[in-house]
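Enquirer: Here it is: the structure, laid out below.
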Amino acid sequence: GSSYLSSYREQLGFGMHVVGVMFTCYLVGHFAASALIKDQPALHPMGGAVGLIFGMMLETTLFIIRTTQLEEKQAKQRSKKAARKQGGPPLSAARDASKGNSEVTGSVPKDSEELDAVRQELIELAGRRKEGADSSATSGGSVMRRRSVRQYGGD
């Protein structure tokens with residue numbers, strides 16, 4: 001879904017998880033207090049309450065971390081969609097990707113010389129991939145790569 005707790009089943013599951021963790025932390029706190037403070041049994045539930053509060057703080061911290069990670073992931077997906085709607089990443093992104101850089105850096109080639117250099121790098125990259133694909137028979141993917149190489153001025 002679009003949010004962390006988008007369905008009632010996710011909400012119920014998360015709620016049951018929180019209740020279970022809080023109960024467990026209460027028991028741990030209660031037994032820890034009873035082990036440490038044997039002469040005052042009235043303080044044992046206070047130890048449980050401290051454990052319960054600790055459990056709630058732990059769950060709150062984990063929830064914040066999970067939702068923050070989800071929001072970052074959704075923001076990346078939205079930016080990728082926006083880039084695709086605007087024509088995709090610049091041609092130099094393919095050059096950067098072929099060198100192992102995962103992030104898009106660079107700009108659209110400004111002149112024909114730079115465009116030719118990018119085209120040549122793409123052809124070389126396609127040739128390296130083609131060599132690996134030819135060894136595994138003629139699959140549809142290698143046919144598509146050969147078509148794209150021919151289309152952009154290769155082979």
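Enquirer: Do we have any residue at all in region 1-18 that's free of Cβ contacts under 8 Å to residues at least 12 places away in the same chain, of a type outside the set (Lys, Arg), open to solvent by less than 50 Å² (accessible area, probe 1.4 Å) and part of a loop (DSSP other than H, G, I, E, B)?
Expert: The answer is yes, given that some residue of region 1-18 is free of Cβ contacts under 8 Å to residues at least 12 places away in the same chain, of a type outside the set (Lys, Arg), open to solvent by less than 50 Å² (accessible area, probe 1.4 Å) and part of a loop (DSSP other than H, G, I, E, B).
Enquirer: Among (1) modelled with pLDDT of 90 or more; (2) part of a helix (DSSP H, G or I); (3) open to solvent by 70 Å² or more (accessible area, probe 1.4 Å), where does Glu59 come up short?
Expert: Of everything listed in (1) modelled with pLDDT of 90 or more; (2) part of a helix (DSSP H, G or I); (3) open to solvent by 70 Å² or more (accessible area, probe 1.4 Å), Glu59 misses just condition (3).
Enquirer: State yes or no: is Lys85 at pLDDT 80 or above and charged (D, E, K, R)?
Expert: No, not satisfied.
Enquirer: Can I ask one more? Give region 104-116 a look and list any residue that's at pLDDT 60 or above and either among the β-branched types (Val, Ile, Thr) or under 26 Å from Lys80 (Cβ atoms) (or both), or say none. Show your work before the answer.
Expert: Going through region 104-116, the residues at pLDDT 60 or above turn out to be 108, 110-116.
Passing the criteria: Val108, Lys110, Glu114, Leu115.
Enquirer: Of the conditions (1) over 30 Å from Leu115 (Cα atoms); (2) open to solvent by 90 Å² or more (accessible area, probe 1.4 Å), Gly48 fails just one. Which one is it?
Expert: Every condition holds for Gly48 apart from (2).
The values are calculated or read from the model by the stated rules, or taken from the named source; none is laboratory data. Keep in mind that what you see is a predicted model, and the values were worked out from it rather than measured. Methodologically, a virtual Cβ is constructed for each residue, glycine included, from the backbone with ideal geometry; neighbour enumeration extends over all protein chains shown. Surface accessibility is based on the protein's heavy atoms, side chains included, excluding ligands, DNA and RNA. Shrake-Rupley method; radii C 1.70, N 1.55, O 1.52, S 1.80 Å.
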